[in-house]
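Q: Structure provided below as structure tokens; questions to follow.
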Amino acid sequence: SGNDHIILGWQGSSTHYDDLWMIRKPLKKILRKHPNVHFHCQGLNADFLVKEPQVETSTDWTMVREWPPRLAQLNYDIGIAPVVDRPFNRGKSNIKFQEYSLLQIPTVASDVGEYKDIQHGVTGFLANSNDSWYYYLDKLIRDVELRREIGSNANQYVRTHYSIEGKIHLWDVAYKDIIEKYKTEHGSDNKFLSG
């Protein structure tokens, strides 16, 4: 891709410090190999990266409703979702993958929890070591067509598997299950259910 300016992006609060810290070595190695790559860190003061000239950090807060257009304005070429493998993180959603994918931004994520939904090499890349983080970031940086292909595949996948239209029926099923359990435990003539 020549010397095209490439933005590697991440966003999160200070509660994710450990997640970003975990990949500091491959990140620094990538930035040193590729002077055209800039890392934009949104929401967290990544003090361990401040000496890197290609790192931009912003700790500005964005209101939830303003976040989708704000993320689009950040113009990431590649999004990252590093997650330390621990019980708390295994229970989290893969929201970063979903947000990046809706903007056709390819994702490199930890092979943890809901991020395992990423189809490795098709809708994104799953990394589980410093070497694999470096390898997949480097691969995407060097191949603009691969970035487009992964971003497009991920966009289609997320629109199909995570849209409310595709999932709304599950709420109906859940409510019916709850009502049936309640009727079984408390009797079907309960005033709570008669509305």
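The values are calculated or read from the model by the stated rules, or taken from the named source; none is laboratory data. Keep in mind the model is a prediction, meaning the values are calculated, not measured. A quick note on method: Cβ atoms are made from the backbone with ideal geometry, for glycine too, and the neighbour counts reach across all protein chains shown. Just the protein is used for accessible areas: all its heavy atoms, side chains included, with ligands, DNA and RNA removed. Shrake-Rupley method; radii C 1.70, N 1.55, O 1.52, S 1.80 Å.
Q: Collect the residues in the range 64-91 that are open to solvent by 60 Å² or more (accessible area, probe 1.4 Å) and in a loop (DSSP other than H, G, I, E, B), keeping them in residue-number order.
A: 75, 85, 86, 91
Q: Another question, if that's okay. How many residues, within the range 106-138, are touching a residue at least 12 places away in the same chain (Cβ under 8 Å) and open to solvent by 70 Å² or more (accessible area, probe 1.4 Å)?
A: Matching residues across the range 106-138 total 4.
Q: State all residues of the range 57-74 that are among the small types (Gly, Ala, Ser) and closer than 14 Å to residue 12 by Cα; if no residue qualifies, say none.
A: Answer for the range 57-74, where residues must be among the small types (Gly, Ala, Ser) and closer than 14 Å to residue 12 by Cα: just 58.
Q: Write out, first by first residue and then by second, each pair whose Cβ atoms fall under 9 Å of each other, whose residues are 6+ apart or on separate chains, and whose first residue, in the range 166-189, is free of Cβ contacts under 8 Å to residues at least 60 places away in the same chain and closer than 30 Å to residue 156 by Cα while the second is of a type in the set (Lys, Arg) and open to solvent by 100 Å² or more (accessible area, probe 1.4 Å).
A: Pairs found: 166/159.
Q: So how many residues does the range 1-39 have that are open to solvent by less than 30 Å² (accessible area, probe 1.4 Å) and either of a type in the set (D, E, K, R) or not in a helix (DSSP H, G or I) (or both)?
A: Number satisfying all stated conditions: 13.
Q: Among the numbered criteria (1) touching a helix residue (DSSP H, G or I) at 6+ places or on another chain (Cβ under 9 Å); (2) free of Cβ contacts under 8 Å to residues at least 12 places away in the same chain; (3) β-branched (Val, Ile, Thr), which single criterion is violated by residue 64?
A: Answer for residue 64: the failing condition is (1).
Q: Taking the range 139-174 on its own, how many of its residues are surrounded by fewer than 19 Cβ atoms within 10 Å (Cβ to Cβ) and under 26 Å from residue 24 (Cα atoms)?
A: Selection size over the range 139-174: 6.
Q: How many residues does the range 38-58 contain that are of a type in the set (S, T, N, Q) and under 18 Å from residue 96 (Cβ atoms)?
A: Adding up the residues that qualify gives 3.
Q: Which one is nearest to the chain's Cα centre (by Cα) among residues in the range 52-63 that are of a type in the set (Asp, Glu) and in a loop (DSSP other than H, G, I, E, B)?
A: Among those that are of a type in the set (Asp, Glu) and in a loop (DSSP other than H, G, I, E, B), it is 60.
Q: Mind checking which residues of the range 92-108 are over 9 Å from the mean Cα position of the chain (by Cα) and in a helix (DSSP H, G or I)?
A: Of everything in the range 92-108, just one residue is over 9 Å from the mean Cα position of the chain (by Cα) and in a helix (DSSP H, G or I), namely 102.
Q: Only one of these is at positive phi and in contact with a strand residue (DSSP E or B) (Cβ under 9 Å, 6 or more places away or on another chain): 75, 36. Name it.
A: The match here is 75.
Q: When you check residue 56 against the structure, is it of a type in the set (Asp, Glu), open to solvent by 40 Å² or more (accessible area, probe 1.4 Å) and closer than 24 Å to residue 160 by Cα, yes or no?
A: Considered against the rule, which asks whether it is of a type in the set (Asp, Glu), open to solvent by 40 Å² or more (accessible area, probe 1.4 Å) and closer than 24 Å to residue 160 by Cα, residue 56 comes out as no.
Q: Sort out which residues of the range 1-26 are in contact with a Phe, Trp or Tyr (Cβ under 8 Å, 6 or more places away or on another chain) and free of Cβ contacts under 8 Å to residues at least 40 places away in the same chain, and write them in order of number.
A: Answer for the range 1-26, where residues must be in contact with a Phe, Trp or Tyr (Cβ under 8 Å, 6 or more places away or on another chain) and free of Cβ contacts under 8 Å to residues at least 40 places away in the same chain: 21, 24.
Q: To continue, here is another question. Quick one: would you say residue 184 is farther than 22 Å from residue 4 by Cβ, among the polar types (S, T, N, Q), open to solvent by 60 Å² or more (accessible area, probe 1.4 Å) and in contact with a Gly (Cβ under 7 Å, 6 or more places away or on another chain)?
A: When the stated conditions are applied, residue 184 does not pass them.
Q: Quick check on this structure: which one of 105, 141 is under 20 Å from residue 74 (Cα atoms) and touching a His at 6+ places or on another chain (Cβ under 9 Å)?
A: 141
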